[in-house]
Amino acid sequence: MNRYESRLVRTDHLQSPGEVFRIPIWLGAASAIGLVSALLGDDIWDVLSWLAILAPVAAVILAWRKRAK
Amino acid sequence: MSTRTWSWIHKWSSLVCTVFMLLLCLTGLPLIFHEEIEHLTGVVEAPPMPAGTPNASLDRIAQTALERRPGEVIRYMFWEQDEHPDITYVSMARSVDAPPEENNAVIVDSRSAQVLDEPKTNEGFMYVMLKLHTDMFAGLPGMLFLGLMGLLMVVAIVSGVVLYYPFMRRLKFGALRAQRSTRVKWLDWHNLLGIVTVVWLTVVGLTGTINTLNRVILGLWQMDQMAEMTAPYKGLPPVTQPAHLEDSIRAARAAVPDMTVSLVAFPGTMFSSPHHYTFFLKGSTPVTARLLKPALVDATTGKLTDSRDMPWYVKTLFLSQPLHFGDYGGLPLKLLWAVLDLFAIVVLGSGVYLWLRKPKSATASKAHPEGLPEPAPALRRTNANEAAP
C-alpha cells in the first residue's frame, strides 16, 4: 500500500463506534426526514424530501470523486 | 455476539434472499415510473368538453358497463381525481366471487357515460413486471414468500451494519481503494453503498413485506371492524333489488363531507359486505389521501349504515404503500428512488461477488498473491478484543 492511499483513506488510530458511525447516522437521519416529509405535505415538504434524500446519493458521489486512484 | 456470529448471520440471510431481492430491485425499477410509462404508451384520455359539464349519474355509468360486458358483474368502480378527473374506471368479473386477480376493465367517461376503452389488464411488459414483483406468478404463497424474503433482507441489513464497524475501524467514511485488488475495490463499494442505503432499504423492505400481507390484513378487517358494523345484517338474504348507486354515493358523501370518494366496492366483494356498497373516501393531503375511510351504505335502501376510521393495522398497510412505491413526492422523488434502487442492486451484486471470491484461510493464501484482503485482519483484531475481559 502506498503512502498516498494511506493518507486518503486510512485513519491514524482505531476509531470508536461513534467515529465510524457518525456520518452514516447523519445520512440515515436525512433519509428518514426525506421519507417522512413528502408524506406530510406538498410543495415545500416535497422539496425538503428531495434535498434530504439527496444526501446519501451526494455522499456516494463525493466518495467516488475522492477515490484513491 | 461475536463478529464471527454476525458474519455467519449476514452471509446466510443474504445468500437466501439475494436472488429474490435482485429480482425485486430489477422489476421494481420500471414500476417506480409506471405512471410516466403508461402516459407515454398512451392511456386513454377523456375528450375535451366545456368546463363544468355535469357528470352522468353513477347508475347510468354502471348500466353502460353492464351492457358492454353482458353476463358479468361490477365489482369495483374507482376514480383518479388528480390524474383523470373525468373518467370512471369500472372493474368487472364473471361473478362477484371470481378470483381477485380477475379484472375486466371498462373505462367510462363520467360525463357522457360513453365507454372510452376496454384495456387488457393482464398482458404487456408492465403487467409482467408487476406480477414478478408482487408474487412471481405464484399467487398468495408467492406473495407471502417474497414478504419473508423482505424480512430476511432486513436481517441482512442489521447484521451488515454491525459488521460495518470492524471493517471500517481503520478507514475513513467513503474510502474507495481503487489501487488494490478487485475484491478490495468491491468490498469498499459494498460497504459504502450498503451503509448509505440502510434507512431507505429498510423502510422499502419492511413496507414491502407489509404490502405482501394485504389480503391477510383485509381479512382481519373483515372479521373485526366490518363484522361489527354489519352485525345487524348477519344472516339476511342477499340483496335482490339494489338501491340507486347515485343515492348511495350521495349518502356516503354526506357522511364524510370533507373527503372525496375514490372507490366503491360492490356487495359481496373483498372490500365490502354482502349487503353494502362500501365507499372509500380520501382526503386531500399526501397522508389523508392514503388513509382511506370506508362509508357503508345499505345496498337495499341506499341509506348510510356506518362510517368509521380504519383500525391501526389497515392504516399501517395504507401508509406502507407510498413508502414502498415512492410515488408521493413527484418525479424528483421517483428519480431518487431509482438511484437508491440501483445502489441496492450494486450492494447485492457485490455481496455475491465477495462471497464467491471469499479469501481462503490464512494458510491457504498462496493462491491469492495479494495475501489477505483488508477485512480479515480487522476481523481478527476485533475477535481478539472481544476475547479480552
Could you look through region B:297-336, keep only residues that are over 15 Å from the mean Cα position of the chain (by Cα) and in a helix (DSSP H, G or I), and pick out the one that is surrounded by the most Cβ atoms within 10 Å (Cβ to Cβ)? B:LEU336
Which helices (runs of 4 or more DSSP H) does region B:1-84 wholly contain that include 2 or more residues that are open to solvent by 30 Å² or more (accessible area, probe 1.4 Å) and touching a helix residue (DSSP H, G or I) at 6+ places or on another chain (Cβ under 8 Å)? B:3-32, B:34-40
Just for helices (runs of 4 or more DSSP H) wholly inside region B:136-244: which have at least 2 residues that are of a type in the set (Phe, Trp, Tyr)? B:139-168, B:182-196
Which numbered condition B:ALA364 misses (of (1) within 21 Å of B:THR212 (Cα to Cα); (2) at pLDDT below 95): (1)
For region B:26-43, check the following and say yes or no: at least one residue is more than 30 Å from B:MET270 (Cβ to Cβ) and free of Cβ contacts under 8 Å to residues at least 40 places away in the same chain. yes
Residue pairs meeting the criteria (Cβ under 7 Å; at least 6 apart or on separate chains; first in contact (Cβ under 8 Å) with a residue 24 or more places away in the chain and more than 8 Å from chain B (Cβ to nearest Cβ), in region A:8-30; second of a type outside the set (Asp, Glu) and in a loop (DSSP other than H, G, I, E, B)): none
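From the residues in region B:248-267 that are of a type in the set (S, T, N, Q) and either assigned to a loop (DSSP other than H, G, I, E, B) or open to solvent by less than 30 Å² (accessible area, probe 1.4 Å) (or both), which one is farthest from B:LYS282 (Cα to Cα)? Before the answer, list the steps.
As a first pass, look at region B:248-267 and keep what is of a type in the set (S, T, N, Q): B:248, B:260, B:262.
Of the ones still in play, those that are also either assigned to a loop (DSSP other than H, G, I, E, B) or open to solvent by less than 30 Å² (accessible area, probe 1.4 Å) (or both) are B:248, B:262.
Working: B:SER248: 17, B:SER262: 6 Å.
Residue satisfying both the conditions and the ranking: B:SER248.
Say we look at region A:31-67 and pick out the residues that are part of a loop (DSSP other than H, G, I, E, B) and of a type in the set (Lys, Arg); which of these is nearest to the other protein chains (Cβ to nearest Cβ)?
Our first condition is that a residue be part of a loop (DSSP other than H, G, I, E, B); within region A:31-67, this holds for A:41-43, A:66-67.
Narrowing the set further to residues that are of a type in the set (Lys, Arg) leaves A:66-67.
Values: A:LYS66: 7, A:ARG67: 4 Å.
Result: A:ARG67.
The values are calculated or read from the model by the stated rules, or taken from the named source; none is laboratory data. For clarity, every value in this text was computed on a predicted model and none was experimentally measured. Glycine gets a Cβ as well: all are built from the backbone with ideal geometry, and neighbour counts include every protein chain shown. What goes into the accessible areas is simple: the full protein's heavy atoms, side chains included, and nothing from ligands, DNA or RNA. Shrake-Rupley method; radii C 1.70, N 1.55, O 1.52, S 1.80 Å.
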